[in-house]
Amino acid sequence: MNIWLRRIAILLFLLLLLLIAGTVLQASGDGAPPPIVSVATTIKYSNGDYRGNIDNNGNRNGHGEYAWTDGRVYLGHYKDGLRNGKGKFTWPNGDVYVGEFLDDFRNGKGKYTWTDGRVYDGDWLAGKIHGKGKFTWPNGDVYDGEFLDDLRSGKGKYTWTDGRVYYGDWLADKMHGKGKYTWANGDVYVGEYKDNLKNGKGKYTWANGDVYDGEFLDGLRNGLGAQTGKWKARRYEGEWSNNKMHGKGAVSWFWNLIEVKGEWKNGWLTSIVRVGVDIGIGVVALANRLVHVICSYHYFGFHHVLVLAVWTILWEFLLRDLKGAKSNKEPTDGVGIIHVERDGTGDTDLVVRLNSDHNHCGICYQAFTTDTESTDQTSLNLLPVMGACGHYFCRGCIIASQYMVAPNGAMGCPKCNRANQFDPENLVHHRMLIDLLTRARNIGAVPADEEA
């Protein structure tokens with residue numbers, strides 16, 4: 001028993017010695033980091049004053065404020081004498097940055113506010129806007145997306161205050177790559193961009209339902225493309241130059257029922273290569289739509305009968321005109337018919353019948369003239385001119401319709417009342433009608449609806 005008590009006493013004594021030795025070593029400071037002075041310290045430098053914490057080596061460490069003699073002020077965290085961590089930097093002109101720093105650079109998350117109203121809130125790298133963020137301009141424009149070296153680069157969305165929106169690729173502050181641009185009026189473009197302009201393949205959809213699908217160059221329709229009208233009743237497919245049909249192309253009406261192939265120049269058909277009528281396609285297209293309407297209900301009501309009756313009447317008129325147009329018989333009584341040869345073989349694909357509506361103005365009912373080179377003002381005033389809506393009248397009646405002039409100088413259409421259809425300073429002659437009337441009159445034709 002006494003032996004065990006002595007052994008325990010010896011162990012306790014040894015433990016006490018070890019405890020004393022460890023305390024002495026710790027007090028000597030051997031291997032311990034230098035303590036940081038936590039009291040407020042003011043140090044004057046040649047370019048400003050520092051108030052804050054420093055370490056034993058005199059480096060700024062911890063929280064502090066540095067005020068430069070030129071007016072700049074930093075309030076935040078330091079490490080090893082450099083701005084590191086969260087802080088606020090204010091410039092003499094009023095610019096302010098609040099966010100993270102790394103080795104004296106804006107780095108990480110932060111918000112920069114310029115005195116002119118610009119604001120950026122997002123990622124920073126080595127003092128530059130880099131990564132994802134949101135940039136707001138004084139006028140209300142907003143960009144939300146990716147940045148590279150202070151420039152919009154990558155994916156991003158730009159919203160203008162007037163309602164326009166672009167979402168897509170950016171490069172060096174410009175729309176570049178694939179994207180979608182939406183206008184305030186409802187127009188939409190989806191396709192390729194280069195240097196802020198539509199370049200490459202794209203699809204432009206107007207608010208009125210028209211669609212262009214094809215190639216662009218420097219923001220304009222250039223190259224190969226197809227433009228389809230609302231309900232697909234009219235379609236042009238071919239070559240384009242500066243937003244105008246230019247080169248080889250084909251225009252079709254009524255779901256490819258009638259097709260004209262030829263050469264175009266600055267939006268005008270200059271020569272016809274082939275004119276064709278495909279009744280089969282037209283019948284299928286019209287029947288398809290009619291069946292779709294009828295079959296969308298579980299019963300055949302009165303309104304379906306009415307729709308069917310209207311379509312039947314319209315189709316009978318169309319068939320009657322097509323049968324007359326398809327006839328290869330030479331005119332014997334002066335009917336206004338023009339034959340168009342197919343590929344120079346002498347065979348006829350279509351004949352065009354002109355009625356009195358094509359022959360005279362719908363306002364003054366005087367016959368159109370066809371000599372565009374005439375020096376007689378009366379003759380020039382009777383030339384047919386066409387509006388953007390497709391309706392046409394004599395030049396004199398359009399000039400006389402001054403009551404329809406809008407504040408921007410453009411004129412509305414007297415028939416459909418659409419605004420901005422005619423430009424009084426640059427009226428467009430209906431060259432196709434002029435050509436058809438000239439050819440019909442050269443063979444002694446009279447309007448088809450005046451046949452005996």
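The values are calculated or read from the model by the stated rules, or taken from the named source; none is laboratory data. From a predicted model like this one, the values you see are computed outputs, not experimental measurements. Virtual Cβ from ideal backbone geometry, glycine too; neighbours counted across all protein chains shown. Quick note on the areas: whole protein, heavy atoms, side chains included, nothing else; ligands and nucleic acids left out. Shrake-Rupley method; radii C 1.70, N 1.55, O 1.52, S 1.80 Å.
Worth pointing out:
- Summed residue charge, Cβ within 15 Å of Arg118's Cβ, Lys/Arg positive, Asp/Glu negative: -4
- Kirkwood Rh in Å, taken over all unlike Cα pairs in segment 42-121: 12.9
- Percent accessible area from carbon and sulfur atoms, segment 116-267, protein chains only, probe 1.4 Å: 52
- Cα shape, segment 121-210, gyration tensor, a/c 1.5 rule: oblate
- Cβ-placed point charges (K, R +1; D, E -1), dipole of segment 55-132 about Cα centre in debye, nearest 20: 220
- Enclosed volume per residue, in Å³, of the convex hull spanned by Cα atoms of segment 177-256: 77
- Pairs beyond 18 Å (Cα-Cα), from Lys230/Lys265; Lys132/Lys201; Lys178/Lys230; Lys203/Lys230; Lys132/Lys157: Lys230/Lys265; Lys132/Lys201; Lys178/Lys230
- Calculated log₁₀ intensity ratio I(q)/I(0) where the Debye formula runs over C-alpha points of segment 75-128, q = 0.20, 0.23, 0.29 Å⁻¹: -0.64, -0.82, -1.14
- D (Stokes-Einstein, µm²/s), Kirkwood Cα radius, segment 156-208, 1.567 mPa s at 4 °C: 117
- Compared with the rule-of-thumb size 2.2 N^0.38 Å for a compact globular protein, segment 41-179 has a Cα radius of gyration ratio of 1.26.
- Accessible area per residue for segment 130-257 is 53 Å², calculated with a 1.4 Å probe on protein heavy atoms, without ligands, DNA or RNA.
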